[in-house]
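Asker: Sharing a structure, written as structure tokens. Questions coming.
The values are calculated or read from the model by the stated rules, or taken from the named source; none is laboratory data. Values in this document were obtained by computation on a predicted structure and should not be read as measured data. Because the Cβ atoms are built from the backbone with ideal geometry, glycine has one as well, and the counts that use them run over all protein chains shown.
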Amino acid sequence: MDDPVRFTFAGVTSGIRRSLPIGLSVFAYGLVFGVLARQAGLSLAEAALMSGWVFAGASQFVALDLWVSPLPVPTLILTTLVLNLRHVLMGAAVYPWFAPLRARQVYPTLYFMTDENWALSMRQYAAGERDGGFLLGSGLVIYLAWLSASIGGQMLGASIPDPARWGLDFAFTAVFAALLVGMWQGKQDVLPWAAAAAAALLGSYWLPGKWYILLGGLTGSLAGAFLDGKRSRVGEPSEQAANPPTADGKRERNNL
């Protein structure tokens, strides 16, 4: 039987510790954003405010591509909306974890949910972690890394004219490759992952803007749901049922 869901300071500190390597990668491509923000004409204050308030790396990079005078505000809003629709799927994935928690614990934590710490947290959840503070702690590391790197990149923009020359642009790809390897659970992941990749790849060629991201996520989710349903009908246990979570034995109640 699973441990009860909780939200503790210990979970926050665990999330901080486990996400430090990811924070280094986020810092690397945060520098890229800062450099490009300076090249696009954003001041230090504007770059810092965008990273501190928006806190959405992919959307911020897209915004820089559209950063002209006058600003195409409707286009910026629509593009950002489409690009971040994947957060609907991510939020649905963490719902079983966060549903029993208080609103004051859930909503501030969700503000700090990014692709990176969501993937790390879901891996921990599959391994038996039931402390919602983990997502908050890992999100705080990524937030501070992103914000500080954005500021640093903007200040150093003149001395780093081409971030790709230093390999900083590859950090984003590297961190997600590492997260995917950690999330691999066996051959049952082949179909959902392949379906998501194929749909996203085809969508990038045939669909406008960033709709391919949502298409890939939806396709992978549907493929995974299909496999789970098929296993249920034939009486085959799911991966998590066949390999019960290895919880740490803690039984703390929500204390934050």
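Asker: Looking at this structure, is residue 33 at positive phi, of a type in the set (Phe, Trp, Tyr) and in the same structural domain as residue 139 (by TED's automatic domain parsing)?
Answerer: No, not satisfied.
Asker: Looking at (1) surrounded by fewer than 22 Cβ atoms within 10 Å (Cβ to Cβ); (2) over 17 Å from residue 60 (Cβ atoms), which one does residue 11 not meet, given that it meets all the others?
Answerer: The failed condition is (1).
Matching residues to (1) without any contact (Cβ under 8 Å) to a residue 60 or more places away in the chain; (2) surrounded by 14 or more Cβ atoms within 10 Å (Cβ to Cβ); (3) over 15 Å from the mean Cα position of the chain (by Cα); (4) under 18 Å from residue 115 (Cα atoms):
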{"residue": "3", "(1), (2), (3), (4)": "no, yes, yes, no"}
{"residue": "29", "(1), (2), (3), (4)": "no, yes, no, yes"}
{"residue": "40", "(1), (2), (3), (4)": "yes, yes, yes, no"}
{"residue": "45", "(1), (2), (3), (4)": "yes, no, yes, no"}
{"residue": "48", "(1), (2), (3), (4)": "no, yes, yes, no"}
{"residue": "57", "(1), (2), (3), (4)": "no, yes, no, yes"}
{"residue": "65", "(1), (2), (3), (4)": "yes, no, yes, no"}
{"residue": "73", "(1), (2), (3), (4)": "yes, no, yes, no"}
{"residue": "86", "(1), (2), (3), (4)": "no, yes, no, yes"}
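Asker: While we're on this one: Testing residue 53 on (1) outside the structural domain of residue 149 (by TED's automatic domain parsing); (2) free of Cβ contacts under 8 Å to residues at least 24 places away in the same chain, one condition comes back false. Which one is that?
Answerer: Single failed check for residue 53: (1).
Asker: Please specify each residue of the stretch 116-149 satisfying the condition of being closer than 30 Å to residue 44 by Cα and of a type in the set (Gly, Ala, Ser).
Answerer: 137, 138, 139, 145, 148, 149
Yes/no per residue for (1) assigned by TED's automatic domain parsing to the domain that holds residue 115; (2) over 18 Å from residue 87 (Cα atoms); (3) at pLDDT below 80:
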| position | (1), (2), (3) |
| --- | --- |
| 178 | yes, yes, yes |
| 189 | no, yes, yes |
| 201 | no, yes, no |
| 205 | no, yes, no |
| 208 | no, yes, yes |
| 218 | no, no, yes |
| 228 | no, yes, yes |
| 234 | no, yes, yes |
| 238 | no, yes, yes |
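Asker: From 3, 65, which residue is outside the structural domain of residue 112 (by TED's automatic domain parsing) and over 15 Å from residue 151 (Cβ atoms)?
Answerer: Within the list 3, 65, the selection yields 3.
Asker: Looking at residue 78, is it modelled with pLDDT of 90 or more, in the same structural domain as residue 117 (by TED's automatic domain parsing) and either out of contact with any Phe, Trp or Tyr (no Cβ under 7 Å at 6 or more places or on another chain) or over 28 Å from residue 120 (Cα atoms) (or both)?
Answerer: So residue 78 fails the test.
Asker: Among the aromatic types (Phe, Trp, Tyr) and surrounded by fewer than 19 Cβ atoms within 10 Å (Cβ to Cβ), is that true of residue 134?
Answerer: No; evaluated as a whole, the condition is false for this residue.
Here's the yes/no breakdown for (1) in contact with a strand residue (DSSP E or B) (Cβ under 9 Å, 6 or more places away or on another chain); (2) over 22 Å from residue 134 (Cβ atoms):
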{"site": "12", "(1), (2)": "yes, no"}
{"site": "22", "(1), (2)": "no, no"}
{"site": "60", "(1), (2)": "no, yes"}
{"site": "75", "(1), (2)": "no, yes"}
{"site": "87", "(1), (2)": "no, no"}
